[in-house]
């Protein structure tokens, strides 16, 4: 790790997370803003939760913002539904690919079988499961290869299709996934990253170890953690008060 140990207060941490998460001020409408809003992934396992997250970050986002070509939907970290930037598919898929031979073989074999059944078409995942003679939830393991995209609207089964595998090395994808977690959720620990990403404690510790030269130790009110060294200046900045909501919890203007 680089630099001296940084002591952070709760207001500093909350102010940084608001800023890093794009919650201080809405971005202008457009594809670039959507990509920035989804930079660390937007969980969508509750139908249209990602859309609410987009509305919180991008001005003028309509009800179909989550379907913009700048974004894609996949089974991402923890095999849950995420909306992520299309050009960052590798980060949220290959970044979770197992290191062990058995886990990697399972993902890649499933991806190959899925691609063979689909033959370039799109199909409901229940139908694919029947064609492969397996419970369709097992198809989620194939998503870690970066070749599976989905469309899920909550009330209906997911539609699945395959795409070419990203030309990114899984280790590089995982390191970038860890950077994004550290930037948006930091200060952070390997254990927290392992739970959030679903890759487990050993692989998460290895990812943090690979980033050792980019990290600064930090003391927080809940224990020891790390931040990206490049974020230190922003953490040290004087905390700004949270923006006032347009409406109060009662629905009235405050």
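With no solvent and one equal point scatterer placed on each C-alpha of segment 67-127, evaluate the Debye formula and give log10 I(q)/I(0) for q = 0.15, 0.25, 0.28 Å⁻¹, two decimals. Values, matching the q order: -0.56, -1.22, -1.21.
For a quick protection proxy, order the peptides 147-158, 177-188, 29-40 by their average other-Cβ count within 10 Å, most packed first. Mind dumping the intermediate values first?
Working: 147-158: 16.8, 177-188: 22.5, 29-40: 19.0.
Those peptides, ordered most packed to least, come out 177-188, 29-40, 147-158.
Distance from the Cα centroid of segment 40-83 to that of segment 111-167 is 19 Å (rounded to whole angstrom). The spread of Cα positions in segment 139-203, taken along each principal axis and listed from longest to shortest, comes to 37, 31, 20 Å. What's the angle, to the nearest 10 degrees (0 to 90), between helix 201-210's Cα axis and the longest principal axis of the chain? Orientation of helix 201-210: about 60 degrees from the principal axis.
Where only DSSP H runs of four or more residues are counted, the chain gives -11000 deg cm²/dmol as its mean residue ellipticity at 222 nm, each run worth -39500 (n - 2.57).
Computed from the mean reciprocal separation of all distinct C-alpha pairs, what Kirkwood hydrodynamic radius does the chain have, in Å? Intermediate values should be presented prior to the final figure.
On the way: mean 1/r = 0.0515 Å⁻¹.
The Cα-based Kirkwood calculation yields 19.4 Å.
Would you mind computing the Rg to Rh ratio of segment 99-189 from its alpha-carbon coordinates, Kirkwood style for Rh? Could you put the intermediate results ahead of the total?
Working: Rg = 15.1 Å, Rh = 14.5 Å.
Looking at segment 99-189, the ratio lands at 1.04.
Rounded to the nearest 10 degrees, what's the angle between the helix 101-118 long axis and the longest principal axis of the chain, both from Cα atoms, 0 to 90? Roughly 60 degrees, rounded to the nearest 10.
Calculated from the alpha-carbon coordinates, segment 1-114 shows an Rg and a Dmax of 17.1, 51 Å respectively.
Read the figures in this text as sums done on the coordinates, not as results from a lab. This is a predicted model, so every value here is computed, not measured. Neighbour counts run over all protein chains shown; Cβ positions are idealised from the backbone, glycine included.
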